[in-house]
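Participant: Before we start, here is the structure in question, set down as structure tokens.
The values are calculated or read from the model by the stated rules, or taken from the named source; none is laboratory data. All values derive from a computational prediction rather than experimental measurement. Please note: Cβ atoms are built from the backbone with ideal geometry, for glycine as well, and neighbour counts cover all protein chains shown. Heavy atoms of the whole protein, side chains included, go into the accessibility calculation; ligands, DNA and RNA do not. Shrake-Rupley method; radii C 1.70, N 1.55, O 1.52, S 1.80 Å.
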Amino acid sequence: MAKKVKVLFVCLGNICRSPTAHGVFRQMVRDQNLEHLIEIDSAGTAAYHIGKAPDARSTQVAKGRGIEMQDLRARKVDFGDFIVYDYILAMDESNYSNLRELALPEHFDKILMFLDFAENWQEREVPDPYYGGPEGFDRVFDMVTDASEGLLKHIKANHL
Ligand code: 4NP
């Protein structure tokens, strides 16, 4: 059996952006019957919300668009993640530099900006919606959906 491609989405708290990416990408992988080939998780660089369910504002937007993410629980990135995962996808520049600080140089090529896979956004960062209004959560969902489509295309072209 082929080795699974392992994808880890990373933001700061692991309660808004990375669980949204996790939920959206998971659904795409399920819809294409690729669950046996792609493994998915998400994590945060900060410890504030370990064990918590995603922020209700994120879950609500996702539910409205047909994506369930209520079952996810926040965890912190750990060193083993750099060994296990093939794609470690940062939501913003700060997540990216925090990940590089935690990793060994030999793992740097696994750490990428998630939005670099998006086809319809010029931005490189998924902005932190936590302290903003509801429109920020819709925007996160849109960005993450576009980047997830690009990521899945990339994985299918390069690994499957
Ligand atoms: P996330 O959003 O990184 O997308 O999960 C945040 C969640 C919590 C906090 C910051 C960002 N916080 O400061 O508690």
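Participant: Whether any residue in the stretch 94-103 is over 16 Å from the mean Cα position of the chain (by Cα) and under 18 Å from Val5 (Cα atoms) is what I want to check.
Facilitator: No: zero hits.
Participant: Let me ask you something else. Kindly list the number of the only condition in (1) within 16 Å of the ligand (Cβ to nearest atom); (2) open to solvent by 10 Å² or more (accessible area, probe 1.4 Å); (3) of a type outside the set (A, V, I, L, M) that fails for Gly64.
Facilitator: Every listed condition holds for Gly64 apart from (1).
Participant: Checking Val7 against (1) outside any loop (DSSP other than H, G, I, E, B); (2) away from the ligand (no atom under 12 Å from the Cβ); (3) open to solvent by 50 Å² or more (accessible area, probe 1.4 Å), only one condition comes out false. Which one?
Facilitator: (3)
Participant: Here's something else I'd like to know. Only one residue in Gly44, Gly23 is within 16 Å of the ligand (Cβ to nearest atom), crowded, with 23+ Cβ neighbours inside 10 Å and in contact (Cβ under 8 Å) with a residue 40 or more places away in the chain, so which one is that?
Facilitator: That would be Gly23, the only listed residue that is within 16 Å of the ligand (Cβ to nearest atom), crowded, with 23+ Cβ neighbours inside 10 Å and in contact (Cβ under 8 Å) with a residue 40 or more places away in the chain.
Participant: Let me ask you something else. Can you name the condition, by its number, that Trp121 falls short on among (1) over 23 Å from Gln32 (Cα atoms); (2) in contact (Cβ under 8 Å) with a residue 60 or more places away in the chain?
Facilitator: Unmet condition: (2).
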